[in-house]
1. For residues in region 516-545 being among the polar types (S, T, N, Q) and farther than 15 Å from D498 by Cα, which is surrounded by the most Cβ atoms within 10 Å (Cβ to Cβ)?
2. Looking at region 259-274, I want the residues that are at positive phi and have a partner that is assigned to a helix (DSSP H, G or I) with Cβ atoms under 8 Å, at least 6 apart or on another chain. Which pairs are those?
3. Test G250 against the stated conditions and say whether it is out of contact with any strand residue (DSSP E or B) (no Cβ under 7 Å at 6 or more places or on another chain), surrounded by fewer than 18 Cβ atoms within 10 Å (Cβ to Cβ), not assigned by the TED database to the domain that holds N359 and not basic (K, R).
4. For P88, only one of the following conditions fails: (1) more than 31 Å from the chain's Cα centre (by Cα); (2) crowded, with 20+ Cβ neighbours inside 10 Å. What is its number?
5. Could you tell me how many of the residues in region 262-285 are open to solvent by 10 Å² or more (accessible area, probe 1.4 Å) and either assigned to a helix (DSSP H, G or I) or modelled with pLDDT under 95 (or both)?
6. Could you list, in sequence order, the residues of region 492-512 that are modelled with pLDDT of 95 or more, small (G, A, S) and outside any helix (DSSP H, G or I)?
7. Any residue in region 313-328 that's within 13 Å of Y279 (Cα to Cα) and open to solvent by 30 Å² or more (accessible area, probe 1.4 Å): show its pairings with residues that are among the β-branched types (V, I, T) and not in a helix (DSSP H, G or I) at Cβ separation under 7 Å, as long as the two are six or more apart or on different chains.
8. Of all residues being in contact (Cβ under 8 Å) with a residue 60 or more places away in the chain and not β-branched (V, I, T) in region 290-305, which is farthest from L370 (Cα to Cα)? Just the residue, please.
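The values are calculated or read from the model by the stated rules, or taken from the named source; none is laboratory data. Just so it is clear, the model here is predicted, and its values are computed rather than measured. Reconstructed Cβ throughout: ideal geometry from the backbone, glycine too, with neighbour counts over all protein chains shown. Protein only, heavy atoms only, side chains kept; ligands, DNA and RNA dropped before computing areas. Shrake-Rupley method; radii C 1.70, N 1.55, O 1.52, S 1.80 Å.
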Amino acid sequence: MVVLISISVSLQSNQCFFQFQFQYQFRYVFVLLLQFTAPSVGRKNATLICVPIMGESIEKMKIDVEKAKAGGADVVEIRLDSLSTFDPYQDLTTLIQHHALPLLFTYRPKWEGGMYDGDENKRLDALRLAMELGADFIDVELQVAHGFFDSIRGKTFNKTKVIVSSHNYQLTPSIEDLGNLVARIQATGADIVKIATTATDITDVARMFQIMVHSQVPFIGLVMGDRGLISRILCAKFGGYLTFGTLESGVVSAPGQPTLKDLLYLYNLRQVAPDTKVYGIIGKPVGHSKSPILFNEVFKSVGNNGVYVFLLVDDLANFLRTYSSTDFVGFSVTIPHKEAALECCDEVDPVAKSIGAVNCIIRRATDGKLIGYNTDYVGSISAIEDGLRGKHNGGNTNISPLAGKLFVVIGAGGAGKALAYGAKEKGARVVIANRTYDRARELADAIGGDALALTDLDSYHPEDGMILANTTSIGMQPKVDETPISKNALKYYSLVFDAVYTPKITRLLKEAEESGATIVTGLEMFMGQAYGQYENFTGLPAPRELFRNIMENYY
């Protein structure tokens with residue numbers, strides 16, 4: 001009996017639109033059911049988490065295997081090419097007889113990105129021996145796979161599954177080329193197909209997802225590099241067989257690997273399923289953002305079936321065209337894309353349109369249209385007003401403490417526009433200081449304010465008790481020693497706000513406090529704008545106390 005099912009998946013690539021209709025015979029239906037059925041309580045997917053073990057000695061490897069097990073890994077990859085000395089029979093026997101987790105043996109040669117530079121026959125002999133001794137998995141490179149399978153033909157290895165892998169350290173091929181590559185790997189007799197490519201743009205990952213969903217055999221598809229990070233998380237949504245997580249940050253076997261801890265606790269990978277909605281922070285740079293920590297923890301606490309990821313985006317319009325599925329529900333937008341986001345949206349909230357910048361994009365479920373909002377405005381202005389009022393004193397007055405104040409905004413980008421607009425709405429006299437004077441003048445003219453070049457800011461003090469708001473990335477990690485204004489000039493300000501929140505206390509804020517000013521951290525703005533984004537994402541009131549508890553625990 002043959003059972004047919006049809007699955008329709010739509011992802012848009014930067015070249016053309018793909019809609020797949022797949023028909024599987026019964027054996028493939030069974031594979032899919034295995035992939036999409038939780039294998040144990042608390043899991044919504046069958047994607048395995050594998051920790052690469054790269055010790056220089058067998059003893060160090062045994063210790064790290066135990067650490068991986070304690071940390072929650074499903075599998076460990078023993079990188080034999082990392083060993084300083086290797087006795088195949090003795091060392092493989094030791095590892096296999098005393099293993100705490102299923103073992104994947106990889107002996108990667110230099111010509112495929114590994115560290116082994118010896119005799120090929122000895123390398124392949126070691127992998128055959130691992131099979132004979134009962135390895136759970138071995139990894140063989142496509143270039144040598146046909147010869148390897150010829151060498152074991154007629155032999156019975158009841159346990160070992162053979163992964164045939166291909167690595168591309170330059171780019172991610174086209175859909176057609178990826179499809180052909182899968183076919184070539186399958187033709188070797190592989191039990192599991194593994195393809196690792198490199199992301200030159202985040203849209204490259206969409207092609208890997210398309211191949212992953214289409215695959216009729218267990219498939220490991222990973223895209224290396226910071227722009228490919230989502231492949232290592234969302235593979236659990238698209239049916240990937242396995243993903244890699246490291247024991248320690250920075251100790252990776254391929255570029256862009258997250259830690260085991262992040263996969264399990266930051267991204268809550270066990271709960272990512274085919275129906276999980278995707279959210280993320282779009283920026284360049286983006287790795288400094290605390291939004292994934294905040295939103296993933298909130299989603300987990302309230303039972304929202306969503307995952308929030310880092311999205312290192314070069315071309316915003318291309319990104320939004322590519323990830324056009326309604327499963328990609330909402331995005332936070334940060335530097336430098338807030339102004340471009342305004343042009344990419346189908347509809348824009350009137351406040352965001354007035355500001356000229358969008359920091360939150362929602363994809364409407366009914367028609368897939370992109371709706372743009374600006375929550376920086378409320379988050380930043382409320383934080384500054386609270387700082388001027390002493391947070392809880394006089395908070396009920398109808399007149400803003402910003403009314404009549406001279407409000408200096410550093411930066412004319414998206415966040416600068418939000419601050420300038422908000423301050424003007426509250427009755428402040430606004431001055432824009434920017435590295436490029438023409439941009440400062442343009443924003444000042446738009447809101448009815450004044451402009452000056454950033455180089456003139458140190459000598460600008462028409463009055464005492466001014467308010468200063470830095471909306472640029474000056475002083476953000478890793479350049480924590482930078483500041484947009486000299487300490488001597490800070491004595492003319494009664495309050496200083498910094499939109500940067502990594503670190504929480506920037507050099508600007510430290511020197512402002514030492515000069516006697518009230519300081520307001522970027523964390524306050526971050527929380528305020530996050531409330532608005534959560535409400536746009538979910539249509540529900542933000543659990544503010546939960547938000548604050550999460551960030552207080554983090555800091």
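1. Just the residues of region 516-545 that are among the polar types (S, T, N, Q), to begin with: 518, 521, 529, 533, 536, 538.
After this cut, where a residue has to be farther than 15 Å from D498 by Cα as well, the list is 533, 536, 538.
Numbers: Q533: 27, N536: 19, T538: 19.
Filtering first and then ranking leaves Q533.
2. Cβ pairs passing all conditions: N268/N296; N268/F299; N268/K300.
3. Numbers: out of contact with any strand residue (DSSP E or B) (no Cβ under 7 Å at 6 or more places or on another chain): yes; surrounded by fewer than 18 Cβ atoms within 10 Å (Cβ to Cβ): yes; not assigned by the TED database to the domain that holds N359: yes; not basic (K, R): yes.
Against the criterion (out of contact with any strand residue (DSSP E or B) (no Cβ under 7 Å at 6 or more places or on another chain), surrounded by fewer than 18 Cβ atoms within 10 Å (Cβ to Cβ), not assigned by the TED database to the domain that holds N359 and not basic (K, R)), G250 qualifies.
4. Going through the list (1) more than 31 Å from the chain's Cα centre (by Cα); (2) crowded, with 20+ Cβ neighbours inside 10 Å, P88 breaks only (2).
5. 7
6. Correct list: S494 only.
7. D327/V278
8. Taking region 290-305 as the starting set, the residues that turn out to be in contact (Cβ under 8 Å) with a residue 60 or more places away in the chain are 290-291, 293-295, 297-298, 301-302, 304.
Filter once more, keeping what is not β-branched (V, I, T): 290-291, 294-295, 297, 301, 304.
Numbers: K290: 24, S291: 21, L294: 23, F295: 20, E297: 25, S301: 27, N304: 21 Å.
The extreme case among them is S301.
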